[in-house]
1. Do you know which residues across segment 41-97 are more than 11 Å from the chain's Cα centre (by Cα) and small (Gly, Ala, Ser)?
2. Taking the condition of being in contact (Cβ under 8 Å) with a residue 40 or more places away in the chain and not in a loop (DSSP other than H, G, I, E, B), how many residues in segment 34-51 meet it?
3. Does Leu31 qualify as being surrounded by fewer than 16 Cβ atoms within 10 Å (Cβ to Cβ) and either in a helix (DSSP H, G or I) or over 15 Å from the mean Cα position of the chain (by Cα) (or both)?
4. Looking only at segment 11-25, decide whether some residue is outside any helix (DSSP H, G or I), of a type in the set (A, V, I, L, M, F, W, C), surrounded by fewer than 18 Cβ atoms within 10 Å (Cβ to Cβ) and touching a residue at least 12 places away in the same chain (Cβ under 8 Å).
Amino acid sequence: MTFEFDVRPYLVTASDMEAFEEEAEYAADQLNAMFFSAVDEMAQSTFWNLDRAEQFIEEISQKWLQEPALLEAETDELDDYVRQLIRRIEQEQDGDE
């Protein structure tokens with residue numbers, strides 16, 4: 001069974017990204033793209049459940065605000081970034097079990 005996570009409640013709009021001023025719409029698009037990339041990647045693994053997925057989406061939001069360089073990244077770079085974060089979390093959990 002594949003895990004399905006509804007990312008819609010987490011999607012942001014330009015008004016949510018006012019701190020980015022004239023880049024607000026672009027910032028919202030980039031963050032939403034990261035969310036969709038995360039959901040696609042999480043669907044590939046049995047590791048993810050609702051709690052883990054919600055926590056990860058919230059972590060991405062925090063990282064987005066803390067790492068301004070992410071705004072400058074290309075879409076494929078953001079996809080890679082999200083994939084690497086997910087793989088690291090899965091590997092850390094495998095090591096703990």
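Laboratory data are not the source of any read-out in this text; all were calculated from the coordinates shown. Bear in mind the structure is a predicted one, so any value in this text is a computation, not a measurement. Note that we place each Cβ from the backbone using ideal geometry, even for glycine, and neighbour counts take in every protein chain shown.
1. Ala43, Ser45, Ala69, Ala73, Gly95
2. Looking only at that region, the number is 6.
3. Values: surrounded by fewer than 16 Cβ atoms within 10 Å (Cβ to Cβ): no; either in a helix (DSSP H, G or I) or over 15 Å from the mean Cα position of the chain (by Cα) (or both): yes.
Against the criterion (surrounded by fewer than 16 Cβ atoms within 10 Å (Cβ to Cβ) and either in a helix (DSSP H, G or I) or over 15 Å from the mean Cα position of the chain (by Cα) (or both)), Leu31 does not qualify.
4. Step one: list which residues in segment 11-25 are outside any helix (DSSP H, G or I), which gives 11-13.
Going one step further and asking which of them are of a type in the set (A, V, I, L, M, F, W, C), we end up with 11-12.
When the remaining residues are screened for being surrounded by fewer than 18 Cβ atoms within 10 Å (Cβ to Cβ), the result is 11-12.
Applying the additional criterion that residues be touching a residue at least 12 places away in the same chain (Cβ under 8 Å) yields 11-12.
Yes: segment 11-25 contains one or more residues that are outside any helix (DSSP H, G or I), of a type in the set (A, V, I, L, M, F, W, C), surrounded by fewer than 18 Cβ atoms within 10 Å (Cβ to Cβ) and touching a residue at least 12 places away in the same chain (Cβ under 8 Å).
So that you can scan it fast, the table gives a plain yes or no per residue for (1) part of a helix (DSSP H, G or I); (2) closer than 25 Å to Ala19 by Cβ; (3) in contact (Cβ under 8 Å) with a residue 12 or more places away in the chain:
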position	(1), (2), (3)
Ala53	yes, no, yes
Ile57	yes, yes, yes
Leu70	yes, yes, yes
Leu78	yes, yes, yes
Gln84	yes, no, no
Arg88	yes, no, no
Gln91	yes, no, no
